[in-house]
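Below is one structure; the comments refer to it alone.
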Amino acid sequence: MITLGICIPTYKRPSFLRRCVLSAIESAEGQAIRVFIADDSTSDVNTAVLAEICAAHPFVRVHRNAVNLGIDANIQMAVDICDCDFAWLIGEDDIFLPGAVAHMHALVQEVKAPFVFANYAFVGDDPGQRLGQALQDDAADGPMDAERFLSTHLWAAGFLGGCVVRRSAWARTDPRPYQGTYYTHVGRIAEIIADAGTAHVSTACSVGNRVEGDDTFTWKNDSYGVFFGFLKMCSVAAARRPAFAPAMQAAGRALERRYRWLSIRLATRLRSQRAYDYAQYRKYLRNSSLSPVKKIIMLGISVTPPAIFEPLVRAYRARRRHA
């Protein structure tokens, strides 16, 4: 039987971690899975929850890092400690939707591709509140040509919960060229897909990706570094797999279209969450290709007190929920 491991990189959010692990177990519906947790806290903040989980579920394995690795390297650690045939990554504050793990367990028994993309829903603090989904209902389900997947869907693999990767293929890739991009796992996956010539897409929403609420983004002190990091990852992957360079360039453009990460609206939202500031403007936007007028606006947003934007963002979210 092909085995499936759930891989969770975690950092100082025990209540979310408990919820994530329990959602995996419930979603498996009795299918045999294993759970691998890479704890980057370097403190005792997760100790009680981890002890509770391991006592109740002996198939959960915990690795505590001796030093803080940072989010990108800890993602790699979560997969590296997995000894199953397939590793399914997920963020600690996200959840598996009902029946999704059981469905994926059945799918990996027969899938030929070394990477499966698991579609996901965007949710608020209440997982039952769906705000949208990554791939829309008209997306193709099943095997997909590598060039097409990289061009059109790779952006969505930036979210951990969308990534189910064959461990043997993962082990043949090198994380070092992608260090510092925030997207080492996506760069490795891009190489895996390019080498195989195919990926597999599962269009049913499998994971609830929490995009609202307190402490949503663990990388919020470098939000624009994350966005520009995706472009850097695409450039590295294009250099390492030249035949797929156009596809990787298209992947970067797809991310920009999807998130509009150079938009005034996103800058306003990030500032309201204290995830955008003058330091980021100076490092990433001041010398970018933005127009002079837009640079002035982005500069103004970066130094405006976040409290001024908070009611505007709340009103926008409320309107979207009732749309």
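Looking only at segment 74-101, count how many residues are surrounded by fewer than 17 Cβ atoms within 10 Å (Cβ to Cβ) and among the small types (Gly, Ala, Ser). Full working, then the answer.
Step one: filter segment 74-101 for residues surrounded by fewer than 17 Cβ atoms within 10 Å (Cβ to Cβ), giving 81, 83, 85, 98-99.
This time we only want the ones that are among the small types (Gly, Ala, Ser), so: 99.
Summing the residues that are surrounded by fewer than 17 Cβ atoms within 10 Å (Cβ to Cβ) and among the small types (Gly, Ala, Ser) in segment 74-101 gives 1.
Among the residues of segment 254-287, how many are open to solvent by 30 Å² or more (accessible area, probe 1.4 Å), outside any helix (DSSP H, G or I) and free of Cβ contacts under 8 Å to residues at least 24 places away in the same chain?
Qualifying residue count, segment 254-287: 3.
Which residues, taken from segment 1-38, are among the basic types (Lys, Arg) and more than 17 Å from the chain's Cα centre (by Cα)?
Residues satisfying the conditions are Lys12, Arg18, Arg19, Arg34.
With segment 38-111 as the region, which helices (runs of 4 or more DSSP H) entirely inside it contain at least 3 residues that are in contact (Cβ under 8 Å) with a residue 40 or more places away in the chain? I'd like the intermediate steps shown before the answer.
Details: elements: 47-56, 71-80, 100-108.
Output list reads 71-80, 100-108.
Please work out which one of (1) open to solvent by 30 Å² or more (accessible area, probe 1.4 Å); (2) modelled with pLDDT of 95 or more; (3) within 23 Å of Val116 (Cα to Cα) is the condition Ala239 fails and give its number.
(3)
Can you tell me which residue is most open to solvent (accessible area, probe 1.4 Å) among those in segment 139-166 that are farther than 20 Å from Ile71 by Cα and part of a helix (DSSP H, G or I)? Step through it out loud before you land on a result.
The first filter runs over segment 139-166 and keeps only residues farther than 20 Å from Ile71 by Cα, leaving 139-153, 166.
From what is left, the residues that are part of a helix (DSSP H, G or I) are 146-152.
Details: Ala146: 1, Glu147: 100, Arg148: 127, Phe149: 0, Leu150: 1, Ser151: 25, Thr152: 62 Å².
Restricting to residues being farther than 20 Å from Ile71 by Cα and part of a helix (DSSP H, G or I), the top hit is Arg148.
Looking at segment 290-306, which of its residues are more than 27 Å from the chain's Cα centre (by Cα), more than 16 Å from Trp261 (Cα to Cα) and either touching a residue at least 24 places away in the same chain (Cβ under 8 Å) or open to solvent by less than 60 Å² (accessible area, probe 1.4 Å) (or both)?
Going through segment 290-306, the residues more than 27 Å from the chain's Cα centre (by Cα) turn out to be 291-297, 299-300, 303-305.
So of that shortlist, the ones also more than 16 Å from Trp261 (Cα to Cα) come out as 292-293, 296, 300, 303-305.
Gly300, Val303, Thr304, listed by residue number.
If only one of Tyr182, Tyr224 is in a helix (DSSP H, G or I), touching a residue at least 40 places away in the same chain (Cβ under 8 Å) and either at positive phi or among the aromatic types (Phe, Trp, Tyr) (or both), which one is it? Outline the logic, then answer.
Working: Tyr182 fails: in a helix (DSSP H, G or I).
Of Tyr182, Tyr224, the one residue that is in a helix (DSSP H, G or I), touching a residue at least 40 places away in the same chain (Cβ under 8 Å) and either at positive phi or among the aromatic types (Phe, Trp, Tyr) (or both) is Tyr224.
In this structure, does Tyr259 turn out to be within 15 Å of Ala156 (Cα to Cα), in contact with a helix residue (DSSP H, G or I) (Cβ under 9 Å, 6 or more places away or on another chain) and modelled with pLDDT under 95?
yes
How about segment 4-56: which of its residues are touching a strand residue (DSSP E or B) at 6+ places or on another chain (Cβ under 7 Å), open to solvent by 10 Å² or more (accessible area, probe 1.4 Å) and either farther than 23 Å from Val211 by Cβ or among the hydroxyl-bearing types (Ser, Thr, Tyr) (or both)?
The answer is Ser23, Ile33, Arg34, Leu50, Cys54.
The values are calculated or read from the model by the stated rules, or taken from the named source; none is laboratory data. As the structure is a prediction and not an experimental result, all values here were calculated from the model. We place every Cβ from the backbone using ideal geometry, glycine too, and count neighbours over all the protein chains shown. Note: accessible area is taken over every heavy atom of the protein model, side chains too, but ligands, DNA and RNA are not part of it. Shrake-Rupley method; radii C 1.70, N 1.55, O 1.52, S 1.80 Å.
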